[in-house]
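Below: one structure, written as structure tokens.
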Amino acid sequence: MLGFIAARQTGLDDPVRLRRVESTRRVLSLELNKDRDVERIHGSGINTLDIEPVEGRYMLSGGSDGVIVLYDLENLSRNPSYTCKALCSVGRSHPDVHRFSVETVQWYPHDTGMFTSSSFDKTLKIWDTNTLQPADVFHFEGTVYSHHMSPVATKHCLIAVGTKSPKVQLCDLKSGSCSHILQGHRQEVLAVSWSPRQEYILATASADSRVKLWDVRRASGCLTTFDQHNGEKSKASSEAANTAHNGRVNGLCYTNDGLYLLTIGTDDRMRLWNSSTGENTLVNYGKVCNKSRKGLKFTISCGCNPEFAFVPYGSTIAVYTIFTGQLITMLRGHYSTVDCCVFQPNFQELYSGGKDCNILAWIPALREPVPDDISEKSLPQQHLNPAYEDAWSSSDDEG
Amino acid sequence: MSRRRRLLCETFEPKRRRLEPPRAGGEPQPDGSPGAVEAALRDVAALFPRGLFGDSLPPLVLRHQLYSLVSDRTAVDRHLNHLRAEGRIRLLHLGLGADTLGVVSTEPYKEKVLAAVAGTPRAGLVRRFLDAAVAACPELSYEQGRLRALGFGDTDVTQLVAAGVLTVRDAGSWWLALPGVGRFVRAFVRGRRALLGLVRRSRHREVPLGELRQRRAPPGARLGVGYLLHDLLGAQLLRSVPTPSGPMLRLAET
């Protein structure tokens with residue numbers, strides 16, 4: 001560590017190198033931390049999490065009973081053990097609460113004053129964070145599986161919505177109406193994601209085992225349909241038979257630079273695609289157990305040297321390196337199926353929610369302190385979480 | 001200086017430890033180099049029982065069998081794709097599930113296909129197909145338009161499907177296939193079931209590898225225990241757990 005700092009000071013290293021090495025080390029040492037908790041508000045499974053990209057401080061969670069909770073992740077108490085407080089929530093008693101399971105929540109990418117949520121009650125709601133009132137409600141004909149807003153868009157304000165109908169709808173926040181319909185899929189659309197590189201490029205994944213890339217300025221159809229076998233290109237007839245997976249495709253995630261796209265399907269496979277050519281990069285991650293009937297929210301680390309993907313795998317979270325497909329570790333801690341996870345890039349923390357109603361915080365382990373005799377004596381359990389304190393007393397003392 | 005190096009090591013140490021998974025088994029696993037993949041391909045092909053089907057099939061290897069020998073799956077997939085693009089091997093769909101691909105060398109494949117149709121009226125057409133289409137495009141499947149461009153009309157395709165060289169994938173799209181592969185698939189499915197049943201019935205659902213190799217093969221496993229074990233380990237239906245007395249095979253779901 002000191003070597004890296006010295007090399008950076010003398011100008012031998014690139015300034016980002018130290019940051020990259022340290023964040024890689026921290027991601028590799030992620031573990032369930034006994035000092036960090038997330039307050040338990042949800043009474044049923046948690047479907048979706050999102051951390052706002054501006055400060056990385058506030059997290060939204062959506063539960064399968066329609067409740068949305070807003071958490072503060074930052075620890076300002078100067079005390080190492082910290083429970084992330086729920087600042088406010090849209091509970092069952094709220095007049096505008098979603099009637100059925102909330103499938104996706106997302107912060108407005110540029111500001112924390114607004115967030116969006118979509119639900120199985122066939123609506124997409126735009127919320128004002130400060131008053132917790134819906135500013136706008138979009139109604140659809142089918143249940144909404146997923147929606148996404150472009151993180152880089154400056155020229156448009158579109159939300160892509162994947163619903164039970166095979167048509168992808170684009171809702172314009174400026175006019176408050178559905179402006180486009182993208183046709184091409186044959187079954188329900190389980191995941192949508194805008195490219196973090198080009199603002200008009202949209203990727204959609206559907207239950208008909210196809211993944212399509214769209215340019216929303218183009219009216220005639222999709223740009224490409226991904227083919228797992230890398231078959232013949234530029235043939236309209238062959239497009240029809242191209243499939244990305246051999247089952248429902250229910251997860252979609254771009255890498256942070258937008259050059260690659262990860263998809264996950266119910267054929268227990270995960271695939272990495274070159275997002276500009278639509279080519280399968282043939283990275284094989286092995287079996288990635290995926291039984292979800294709905295969309296699955298997985299995430300990718302940010303700022304590490306081999307980048308990592310965090311994928312819900314039954315009741316654990318599997319960590320893979322993206323470009324070699326190696327399984328690094330399994331994070332065990334949930335009691336039931338994990339549905340979503342989200343990465344906090346500033347502190348390299350991971351938050352995951354599952355059917356066991358818990359949100360778990362995975363925090364990088366601190367370095368072991370150098371053992372010397374002074375510190376051992378002077379710090380006898382200075383900050384021990386009360387749950388780990390010894391509550392046992394011998395009967396002799398009471399005697 | 002030594003202190004700095006120690007601290008530097010300390011930064012890297014957990015990374016290095018976590019990035020390398022524990023090696024399974026006693027022998028060192030080959031890395032993902034092309035040579036290792038080709039060696040694995042030869043090893044598994046040597047295990048294929050050619051005599052079982054009256055020498056009517058070329059040595060057939062399933063892609064996932066290679067994963068049991070080469071730990072880097074990505075390297076296997078990429079190298080096989082490279083070999084396919086060069087035309088040295090063919091990848092075939094065997095009807096064992098969409099993710100199970102058979103790997104076969106091009107020369108034995110052509111030889112056995114021609115041997116299978118020899119003497120029938122379709123022999124000329126199949127030979128023309130092998131020379132024109134199979135040699136020219138190394139894809140897994142053929143589209144209608146592509147076949148028409150190569151000079152194969154609808155009646156020709158019907159004849160080729162009847163000969164077993166093509167199987168239907170979708171409307172206007174066909175997989176390349178191997179005639180007479182059904183006997184292999186039947187033996188394979190039975191063998192897989194027999195071996196999995198043996199592990200499932202044993203105590204704690206685990207069997208030491210050495211014991212399994214010594215024991216008489218279960219009646220269904222005509223393809224040979226070694227060949228089937230590569231399949232079960234590669235398809236992640238069994239797990240190999242290292243123990244002091246050799247690897248232990250355990251059902252994956254337990």
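The values are calculated or read from the model by the stated rules, or taken from the named source; none is laboratory data. Model, not experiment: these values are computed from the prediction. Note that we place each Cβ from the backbone using ideal geometry, even for glycine, and neighbour counts take in every protein chain shown.
Computed values, structure above
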{"quantity": "Selection within the range A:209-222 - among the charged types (D, E, K, R), outside any strand (DSSP E or B) and buried (at least 19 other Cβ atoms within 10 Å of the Cβ)", "calculated": "A:ARG210"}
{"quantity": "Conditions (1) at positive phi; (2) within 14 Å of chain B (Cβ to nearest Cβ); number of the one not met by A:VAL27", "calculated": "(1)"}
{"quantity": "So A:GLY247, is it at pLDDT 80 or above, in contact with a strand residue (DSSP E or B) (Cβ under 6 Å, 6 or more places away or on another chain), within 14 Å of chain B (Cβ to nearest Cβ) and within 30 Å of A:ASP339 (Cα to Cα)", "calculated": "yes"}
{"quantity": "Exclusive hit being touching a His at 6+ places or on another chain (Cβ under 8 Å) and either closer than 22 Å to A:LEU296 by Cα or assigned to a strand (DSSP E or B) (or both), set A:ASP37, A:ASP50, A:ASP65", "calculated": "A:ASP65"}
{"quantity": "Top-ranked residue in the range A:255-274 [being farther than 25 Å from A:THR143 by Cα, under 19 Å from the mean Cα position of the chain (by Cα) and polar (S, T, N, Q); ranked as farthest from the other protein chains (Cβ to nearest Cβ)]", "calculated": "A:ASN256"}
{"quantity": "Of the criteria (1) outside any helix (DSSP H, G or I); (2) away from chain A (no Cβ under 14 Å); (3) without any contact (Cβ under 8 Å) to a residue 12 or more places away in the chain; (4) within 17 Å of the chain's Cα centre (by Cα), which one B:ARG186 fails", "calculated": "(1)"}
{"quantity": "The range B:94-143: number of residues that are of a type in the set (Asp, Glu) and touching a Ser or Thr at 6+ places or on another chain (Cβ under 8 Å)", "calculated": "1"}
{"quantity": "Selection count where residues are surrounded by 15 or more Cβ atoms within 10 Å (Cβ to Cβ) and in a helix (DSSP H, G or I), scope the range B:206-225", "calculated": "3"}
{"quantity": "Out of A:LEU366, A:LEU327, A:LEU384, A:LEU331, sole residue that is within 14 Å of chain B (Cβ to nearest Cβ), in contact with a Ser or Thr (Cβ under 9 Å, 6 or more places away or on another chain) and at pLDDT below 85", "calculated": "A:LEU366"}
{"quantity": "Those residues of the range A:1-24 which are under 23 Å from A:PHE308 (Cα atoms) and either within 13 Å of another protein chain (Cβ to nearest Cβ) or not hydrophobic (A, V, I, L, M, F, W, C) (or both), in sequence order", "calculated": "A:MET1, A:PHE4, A:ASP14, A:PRO15, A:ARG17, A:LEU18, A:ARG19, A:ARG20, A:VAL21, A:GLU22, A:SER23, A:THR24"}
{"quantity": "Residues satisfying the stated conditions in the range A:301-321, i.e. within 11 Å of chain B (Cβ to nearest Cβ), crowded, with 20+ Cβ neighbours inside 10 Å and outside any strand (DSSP E or B)", "calculated": "A:CYS304"}
{"quantity": "Residue selected from the range A:284-300 under the condition in a loop (DSSP other than H, G, I, E, B) and modelled with pLDDT of 90 or more, by the criterion nearest to the chain's Cα centre (by Cα)", "calculated": "A:PHE298"}
{"quantity": "Within the range A:70-112, tally of residues that are surrounded by fewer than 20 Cβ atoms within 10 Å (Cβ to Cβ), part of a loop (DSSP other than H, G, I, E, B) and of a type in the set (S, T, N, Q)", "calculated": "6"}
{"quantity": "The lone exception for A:LEU272 - which of (1) outside any loop (DSSP other than H, G, I, E, B); (2) buried (at least 24 other Cβ atoms within 10 Å of the Cβ); (3) free of Cβ contacts under 8 Å to residues at least 60 places away in the same chain it fails", "calculated": "(2)"}
{"quantity": "Output for the range A:334-349, where each listed residue is at negative phi and outside any strand (DSSP E or B)", "calculated": "A:HIS334, A:TYR335, A:SER336, A:THR337, A:PRO345, A:ASN346, A:PHE347"}
{"quantity": "Tally of residues being of a type in the set (A, V, I, L, M) and part of a helix (DSSP H, G or I) across the range B:60-87", "calculated": "6"}
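Per-residue answers, yes or no, for (1) hydroxyl-bearing (Ser, Thr, Tyr); (2) closer than 18 Å to A:ILE317 by Cβ; (3) more than 18 Å from the chain's Cα centre (by Cα):
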{"site": "A:GLY3", "(1), (2), (3)": "no, no, yes"}
{"site": "A:GLY11", "(1), (2), (3)": "no, no, yes"}
{"site": "A:VAL27", "(1), (2), (3)": "no, yes, no"}
{"site": "A:ASN33", "(1), (2), (3)": "no, yes, yes"}
{"site": "A:ASP37", "(1), (2), (3)": "no, yes, yes"}
{"site": "A:ILE51", "(1), (2), (3)": "no, yes, no"}
{"site": "A:GLY63", "(1), (2), (3)": "no, no, no"}
{"site": "A:GLU74", "(1), (2), (3)": "no, no, yes"}
